[in-house]
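The structure under discussion appears below in the form of structure tokens.
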Amino acid sequence: MNPNTHRLHALGQRIWLDNITRALLRSGTLAHYISELSVTGLTSNPTIFEHAIDSGDSYVEAIVRGAAHGLSDEDLFFELVLQDLTQAADLFRPTFDSTHGADGWVSLEVSPLLANDTIRAAAQLHARAARPNLFIRIPGTPQGIPAIEKSIFDGVPINVTLLFPTP
């Protein structure tokens, strides 16, 4: 284990990775970050995934397969996202279990295209992932507050993002 990141962890700091790619998963790099660098969580957003999908050929086979099944662009996008994030959640699961849920989380942002249907989207994405350590990110905007409250009430783990002061 890296002594510097281990020391940060011992002091109460938690290191989250703000990136994910299929190559990061397949190469064992994420597993290495968890075991050797004390990384205890991972966050993502649609832009991170767009860059991951656009950079290289890691997703080509899955895209061709999804398109052949008639998935819409958005459904295909979230299928790819869930494939990666469920793998990441499985890698973080021992951390999640050993810390009783304090660490070991993976975060998936609800698409901004679903702003008018955030509650349903959050519930569906969490159910499809079927991982207790998968947060659903919802923007902390005036429009997002009711979705955050309802989703939490419904038992969906929520990670609030994009908090800005109002003028």
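The values are calculated or read from the model by the stated rules, or taken from the named source; none is laboratory data. The structure displayed is predicted, hence computed values, not measured ones. With ideal geometry, Cβ positions are generated from the backbone for all residues, glycine too; neighbour counts draw on all protein chains shown. In case anyone asks, the SASA skips ligands and DNA or RNA and just uses the protein heavy atoms, side chains included. Shrake-Rupley method; radii C 1.70, N 1.55, O 1.52, S 1.80 Å.
At a threshold of 8 angstrom on Cα-Cα distance, excluding pairs fewer than six apart, so keeping six or more, what relative contact order does the stretch 33-167 reach in percent? Don't skip to the end; give the middle numbers.
Working: 153 pairs, mean separation 29.0, N = 135.
22 percent.
Per 0.36 nm of contour for each residue apart, how much would the distance between residue 13 and residue 127 grow if the chain were fully extended, relative to their Cα-Cα spacing? All intermediate terms of the calculation are to be shown ahead of the outcome.
On the way: separation 114, 0.36 × 114 = 41.04 nm, distance 2.99 nm.
That works out to 38.1 nm of additional length.
Name the helices (complete DSSP H segments) of the chain with a Cα length along the long axis of 20 Å or more and a Kyte-Doolittle mean of at least 0.0, or state none.
Details: long enough: 73-98 (38 Å, -0.07).
TM-like helix candidates: nothing returned.
Search the structure for amide H atoms under 5 Å from the amide H of residue 108, placed 1.01 Å from N in the peptide plane, and list their residues when 5 or more places away or on another chain.
Here 135, 136, 137 satisfy the definition.
What order do you get for 10-17, 130-137 when each peptide is scored by the mean count of other beta carbon atoms within 10 Å, highest first?
Sorting 10-17, 130-137 by mean packing, highest first, produces 130-137, 10-17.
Rounded to a whole number, what % of the accessible area of the stretch 1-152 do carbon and sulfur atoms account for, probe 1.4 Å?
56
Counting each DSSP H run of 4 or more residues in the chain as -39500 (n - 2.57), what helix-only mean residue ellipticity at 222 nm follows after dividing by all residues, to the nearest 500 deg cm²/dmol?
Calculated from helices alone, the mean residue ellipticity at 222 nm is -16000 deg cm²/dmol.
In Å², what does the accessible area per residue of the chain work out to with a 1.4 Å probe?
56
With every protein chain present, what accessible area does residue 60 have (1.4 Å probe, heavy atoms only), rounded to the nearest 10 Å²?
Counting only protein heavy atoms, residue 60 exposes about 80 Å² to solvent.
Which residue, 139, 94, 157, tops the fluctuation ranking in a GNM of the chain built on C-alpha contacts under 10 Å?
Most flexible of the set in this elastic network: 94.
What size of dipole, in debye to the nearest 20, comes out for the chain about its Cα centre when the only charges are +1 on Lys and Arg C-beta atoms and -1 on Asp and Glu C-beta atoms?
440
In whole Hz, what ³J(HN,Hα) sequence does the stretch 100-108 give by Karplus (6.51, -1.76, 1.60; θ = phi - 60°), x for Gly and Pro?
6, x, 6, 10, x, 9, 10, 10, 10
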